[in-house]
Each structure stands twice: as structure tokens, then as C-alpha cells.
Amino acid sequence: MTEEKKKKSVDLASMALIDKASSDQVNLVFDRAEEMKPCPIGLVGSCCSNCGMGPCRVPLPRGKEETPEEKRKRRGICGATAETIAARNFARKIAGGAAAHSDHGRAVAELFLAAAKGEAPGYEIRDEQKLLQLALEWGVEIGNRSNSEIATQIGEKALGEFGRQEGELLFLRRAPLKRQELWRKLGVAPRGIDREIVEIMHRTHAGVDQDYRNLLQQGSRAALADGWGGSMIATELQDILFGTPAPVLSQVNLGVLKEDEVNIIIHGHEPLLSEMIVATAQDPQMVELAKAKGASGINLAGICCTANEILMRHGVPLAGNFLQQELALVTGAVDAMVVDVQCIMESLPDIAQCYHTKIITTSPKDKIGGAMHIEFNERNAILSAKEIVKVAIENFPKRGSNISIPKEKTDLIAGFSHETINYLLGGLFRASYRPLNDNIINGRIRGVAGVVGCNNARTTHNEGHIAMVKELIKNDVLVIQTGCSAMASATAGLMVPEAAAEYAGEGLASVCEAVGIPPVLHLGSCVDNSRILMAATAMVKDGGLGDDISDLPVAGAAPEWMSEKAISIGQYFVASGVFTIFGVNWPTTGSTEVTQFLFKDFEEMYGGMWAFEPDPLLAAKLMIEHIDKKRKALGIDKARERVLYDMTMRRELE
Ligand code: SF4
Ligand code: MSK
């Protein structure tokens, strides 16, 4: 099938709006992807523009084997080899992704500290237990101190992690001991978060690090500083400040927009202001104001990971994932789209002009030409939130008649934090991962897969996520998800308990039915991939599945990745010992050595390695093969073969 003929989405709501956009003469990301073909040299990591002598292009010769002489000459003007160029490009992607996640973590830590000091009215400590646990973990004295004093010291320590010049990040101690030792041995245990990212930028500058292995090891170090540093800080402090998620029922897809209410979409990644918008939208004064303008209420919905954050904690419905952000505007029913940072398309203000939507930027780090800017002021967040909600309300009467809200919306259960999984499986008084481990050992659950990441306009929207996840659960693999991938599965109805009977293999279904969970668990936003690291560590610590993450029958995937953040996530999963497979395209294929290093040599070093497979079913097969390889190494492959799911066993489970 040619790319032109490929379906743009598998989602009915999205397809209807893509057609509407076409009749409204609105140019979408899908159209631009068709018009602009990817540069074949940049796509495989063989273009360097790191200095003013370039850009230099070093593609592999097409259709013939390269002679050693040709290979020797395949260099940039400065002499950089194709290996160095591919590795530098890859490392810079990691730096970009780690910087984005970690700067999110820093913003949370700053707000956390301000809230602890009483300088951020409206914010307070919501999860005292988690605050005290973190205090114990970080050696912060509890004694008779107030929450405010404890939180102040934790906030200061968290901020210190970004600029730490020596030693190791505090959260590294959470990892299995064997993994920590391995990181030290390989010299990739991260020091400060900022330091590791800056060091990538230094090493990839023209004429610095010119050994691809050395460059990619620093890539691991910065990525680990993201997963076990910046992202984990974001997740942990957000939980303490806004509450640790617990299972919550909600809905997903563009059908969550309402014709008779003021629709406000919250889009981006940092939930700092959106927490206040959630509160403000329920303010009776605001609801009255909306009614005075002819609306029957205020309806909040989310796009991308800010959506996941406010879904997990408040049950706010999801309007859609990355490739649905423009489509939300095409409904003609969005009165305001409030954006913070990351994954926000610059086309939004342009498309909004065709309808009536106000695009409101809120971060000084993320302004967009043509958008309205109402800056989030943490010292008066309620005021910023009120101003935004008022703009949306005032805009409601300006809706035109060209409105079309799709009918499609699907129920989902979200809110599966690491702590919730612990309680659900083990109960409040003996919270543990033991039942999960036992069911893996006895073979009812074959293994666990983390399926995460974005949408990518180079492939059919949501198709890869849904196909892969269905294949995994059919084969008794429990799936845990974050980001846009989670939203894709939710639209396909995979995140409700009933999905177990319909889509999961018999073993997985029997466990899900006994515990009352869906076969696919929503763990949150992109930074919440740190919850997956914690879940994997908890599985190791509960015993019976080896003594490191690399021993576990687990795998990771991002079938529709597009963001640099996904590369950083993948690298920290691999460096933590997880087999991780990406779809769509792979950014180092311009260098066989670099690709081999990531796909093969990494396994010897880290026990986890990268893989690339654009077909989601084949990718799922590779994940299952890896899971089975690990089961065999653990000696639990026989258990799986013996399992017969009769009624007695089901009763035993219950
Ligand atoms: Fe070309 Fe070297 Fe400059 Fe890169 S750093 S653009 S390979 S001259
Ligand atoms: S929002 S990073 S498109 S998952 Fe986190 Fe989605 Fe990827 Fe953005």
C-alpha cells in the first residue's frame, strides 16, 4: 500500500472530522504529512548540521555493498564518520527529550517548594502519606515537624537534583541493587539531571566526542537522569501535591465535547495550572456566568498528557491524543484551548481562525504566534485560571453554525498508579506485587508489556497501538500504558474490566476478572513512565522473578512514536534492562554499527536492548518471544505449558 493511500486514522470520530476539515478547507497535519515527504537522509540519522561548514550528508550507498574505501571516505567536512553523525543525532534526541521531561519536573519542584512555603495559594499537600514516605527515603527528618517544613526540605532537595555536580541522583537507590551496581560499573549512573543533558550538548558539538559508543553511553546517562530523575521527580511531587491517582471512571474521544456547554480543552504536559482550571470550572460563580451567556455549564476535556494528568486525578474526560488536537478545533465547538508545554502544534491558531476558538498559551516557555497569552502565575494561580475560564465563557456566544461533534466516546477506567496496583493486587494491609508475580510464575499471566508513546502522522493514527495491545493481551500479556498510546487503547474499549473477557487470553482474563481490573492499565502521562520503572522494580523486589529488571518477563514499545521524549524514554528503559521496540521509523539506520550497538551490544551491557519493527503485530510477536525467553531463563516456561484454566482454578483465584 502506498503512503498516499494509507488510512489516516482508524478512529471513526477522527475520520469524520478529517472529512469535515477537507470541506471546510482546513489544512491538517495529515495533509502536510502527505505533501511533505521525509528527507531520506535525515530520517536515518545521516545528516549533520552541528556547525557552519555543513549540513553534511553521509548516506549509505543505495543498491550496492559499500567498499571499505567508500566507507572510509563517507565523512562530513570535519571528518566526522557516519557513525559519529548518527550517534550524535541520536544522543541529541535523548538530550531534547530528557530536557523536556526534566524541565517539567523542575517546574513541579518549584511549585512544590512555593506551596510548601505558603507562597502558592490554592496549592496544598494532598498526599501526606506519600510526603512522609519520601521524607524517610530521602533522610528528611520528620519528628514533630509540620508538613510544610518537611515539604520545604523535600522541595529543596528535589531542586538540588537538577544542579547536582557530584555523586548520584537520589532516586537511583530505588532501582534493584544489581542494576545500580551495573550502572556504576558502566559509568552511566547520572550525577545532576542538568549536567548530563548539558554534557550531551557539549560532547555532540563539532570536534568533541567522536566515538559512537562513548556518545551513546552518555545518552544512557542522560536518559537515566530523565527516567530515574526528572520524570520521577515530576510524578512523585505531583502525586504529593495533587493526590496520588486511584481508579476513576471517565470517557475518551471527541464525543466528550458538549454542544450546549462551554467547552474548554486543556492540552500539553504540565498539570500545574490545569489543576486550578479544574477547580475554577466548578466554581458556582463561573457556572452562573456560563449560564448567563446561554450555556448550560462548563465542560472540560483534555488532549495529550495534561489530559492524562487531570484524568488520573479528577476523571476529566479525554478529548483525544496528539493527532486529534487539530480535529478538536474542527468540531467548531471548542470555545478555548488552553495549552502549556510540549506536543502543541503551531498550526492551532491558524486553524482556530476558521472557527471561533481562542488558543491560549500560558507558559513563558511556550508562546505561539497568533495565540492569546495569559501567563500562569503560580503565586496567583486561581486568578490566571479564572481569567482563562472567563475568556472561554465570553467566547461561547460567538460559536458559528458550522458545528459537528462526533458521537463517539468510550468508557475507560484510569488511575492505576504504582501504589494503586499494589493495593489492588495485595490489599490495603498487605499491599504487594506478590499476586502479580505468582500469576506470572504459574503462567496465567505470561508477562507484562509497557506500551507507550505518541501518534505519528507518517502512519495510520492509533492503528499500531490498538493492534499491538490487542495482540499482547490475547497472548496473556498484561499491558500497562501511558501517554497517547493509553488514549488509543481507551478509544478501542480496552480499558474497562469487560475487555478482559472479550479480548484477553484465558489466563490473563481469569486474573483480571478475579481482581476486577481491565487487561490494559492506564498509568498516566509521559513523565509517569517512571511509574512503570517503579512497578518493574517492585516485581523484582517481591521475588521469584530474578534479581534485576533485565530478568523479568517484560517488554516495552512505542509503536507510533514521534517525539524526542520517546527516544529518551526508550533509552532509559533499555538502560534499565528492558527490551524496547519502536515502530514507524528508526533514526540510526544510516549507520549499521550504531544500530547494531543499540540493538545487539546493549543487550550484553544492559540486559535490555532496542529493536525496530514497523508492523505492530510482528513487533508484538517479538515482545512475546522476548518474554518467553525470559520465562525460560527463569525456569518458569514449563509452568505456562501446564496451565489448564478449569473452573476449579478460577474459583481458587477468586
Ligand atoms: Fe559537517 Fe562536521 Fe560540521 Fe557536522 S560538524 S556539519 S559533519 S562539518
Ligand atoms: S503527549 S510526547 S505525543 S505520548 Fe505526552 Fe503524546 Fe508523545 Fe506528546
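Below, the figures for the structure above:
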{"quantity": "Projected label distance in nm at residue 625 and residue 432, using a 7 Å step from Cα toward the beta-carbon", "calculated": "3.6"}
{"quantity": "Segment residue 292-residue 184, extension gain: residue separation times 0.36 nm, minus the distance between their alpha carbons", "calculated": "32.6 nm"}
{"quantity": "Computed P(r) (all Cα pairs; segment 82-242; 5 Å bins; percent)", "calculated": "2, 10, 18, 19, 17, 13, 9, 6, 4, 2, 1, 0, 0"}
{"quantity": "Descending principal axes extents, segment 3-69, alpha-carbon based, whole Å", "calculated": "55, 31, 16"}
{"quantity": "Global geometry of segment 249-289, whether rounded, prolate or oblate, following the gyration tensor of its Cα atoms and the 1.5 cut on a/c", "calculated": "oblate"}
{"quantity": "Charge context of residue 278, other residues only, Cβ under 12 angstrom, K/R +1, D/E -1", "calculated": "-2"}
{"quantity": "Sequence ranges 23-29, 162-168, 272-278, ranked by mean other-Cβ count within 10 angstrom, highest first", "calculated": "272-278, 23-29, 162-168"}
{"quantity": "Over the chain: helical MRE at 222 nm, DSSP H runs n ≥ 4 each giving -39500 (n - 2.57), nearest 500", "calculated": "-14500 deg cm²/dmol"}
{"quantity": "Set of segment 211-250 residues, backbone N closer than 12 Å to the point 7 Å along the Cα-Cβ line of residue 365", "calculated": "230-231, 234"}
{"quantity": "Percent accessible area from carbon and sulfur atoms, the chain, protein chains only, probe 1.4 Å", "calculated": "52"}
{"quantity": "Entries in 8/367; 365/390; 37/367; 358/398; 258/390 that, when Cα-Cα distance is taken, lie over 20 Å", "calculated": "8/367; 365/390; 37/367"}
{"quantity": "Average Cα contact separation per residue, the chain, under 8 Å, 6 or more apart, as relative contact order %", "calculated": "16"}
{"quantity": "Residue-normalised accessible area of segment 426-634, given per residue in Å² at a 1.4 Å probe", "calculated": "27"}
{"quantity": "Prolate/oblate/rounded label for segment 1-147 (Cα gyration tensor, a/c 1.5)", "calculated": "oblate"}
{"quantity": "Within-15-Å neighbourhood charge of residue 483 [Cβ basis; K, R +1; D, E -1]", "calculated": "-4"}
{"quantity": "In sequence order, calculated HN-Hα J values of segment 393-405 (Karplus, 6.51, -1.76, 1.60; Hz; x Gly/Pro)", "calculated": "4, 4, 7, 3, x, 8, 4, x, 9, 7, 10, 8, 9"}
{"quantity": "Anchor residue 630: lysines whose Cα lies under 28 Å away (excluding residues fewer than 8 positions away in-chain)", "calculated": "178, 185, 470, 474, 541, 565, 600, 621, 638"}
{"quantity": "Cβ-based net charge around residue 409, under 14 Å, with every Lys or Arg adding one and every Asp or Glu removing one", "calculated": "-2"}
{"quantity": "Unit charges on C-beta of K, R, D, E only; dipole of segment 82-242, Debye", "calculated": "620"}
{"quantity": "Label zone at residue 637 (point 7 Å along Cα-to-Cβ), backbone N below 16 Å, segment 587-627", "calculated": "622-627"}
{"quantity": "Extended-chain gain in nm, criterion 0.36 nm per residue less alpha-carbon gap, residue 615 and residue 601", "calculated": "2.7 nm"}
{"quantity": "With 5 Å bins from 0: P(r) over segment 254-398, alpha-carbon pairs, percent", "calculated": "2, 11, 23, 26, 23, 12, 3, 0"}
{"quantity": "Vicinal HN-Hα couplings computed from phi for segment 432-440 (Karplus, 6.51 cos²θ - 1.76 cosθ + 1.60; Hz; Gly/Pro x)", "calculated": "6, 8, 3, x, 5, 4, 4, 6, 6"}
{"quantity": "Cα→Cβ-extended label distance, 7 Å offset, between residue 128 and residue 213, nm", "calculated": "5.5"}
{"quantity": "Segment 197-250: equivalent-ellipsoid semi-axes (sqrt of 5 x gyration tensor eigenvalues, Cα, Å)", "calculated": "36, 11, 8"}
{"quantity": "GluC sites (Glu not before Pro) within segment 13-113, DSSP loop, no more than 16 other Cβ atoms inside 10 Å", "calculated": "65, 66"}
{"quantity": "Amide H partners (placed H, <5 Å) of residue 582, local residues excluded", "calculated": "558, 611, 612, 613"}
{"quantity": "Cα Rg, Dmax (largest Cα-Cα span) when computed across the chain, Å", "calculated": "24.2, 77"}
{"quantity": "With eigenvalues of the C-alpha gyration tensor scaled by 5 and rooted, segment 513-628, Å", "calculated": "24, 17, 14"}
{"quantity": "Spin-label model distance (nm) - residue 380 vs residue 147, 7 Å beyond Cα toward Cβ", "calculated": "2.6"}
{"quantity": "Protection-proxy order for peptides 247-254, 55-62, 39-46, each taking the mean of Cβ atoms within 10 Å per residue, highest first", "calculated": "247-254, 39-46, 55-62"}
{"quantity": "About the Cα centre, charge dipole magnitude for the chain (Lys/Arg +1, Asp/Glu -1 at Cβ), debye", "calculated": "1100"}
{"quantity": "Assigned charges on the beta-carbon of Lys, Arg, Asp, Glu; segment 3-69 dipole about Cα centre (debye)", "calculated": "40"}
{"quantity": "Three semi-axes of the equivalent ellipsoid, segment 164-219, Cα gyration tensor, whole Å, largest first", "calculated": "23, 14, 7"}
{"quantity": "Per DSSP, loop GluC sites (Glu not before Pro) in segment 429-507 with at most 16 further Cβ within 10 Å", "calculated": "498"}
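The values are calculated or read from the model by the stated rules, or taken from the named source; none is laboratory data. Here the structure is a predicted model, which means the values were calculated and not measured. Reconstructed Cβ throughout: ideal geometry from the backbone, glycine too, with neighbour counts over all protein chains shown. Quick note on the areas: whole protein, heavy atoms, side chains included, nothing else; ligands and nucleic acids left out. Shrake-Rupley method; radii C 1.70, N 1.55, O 1.52, S 1.80 Å.
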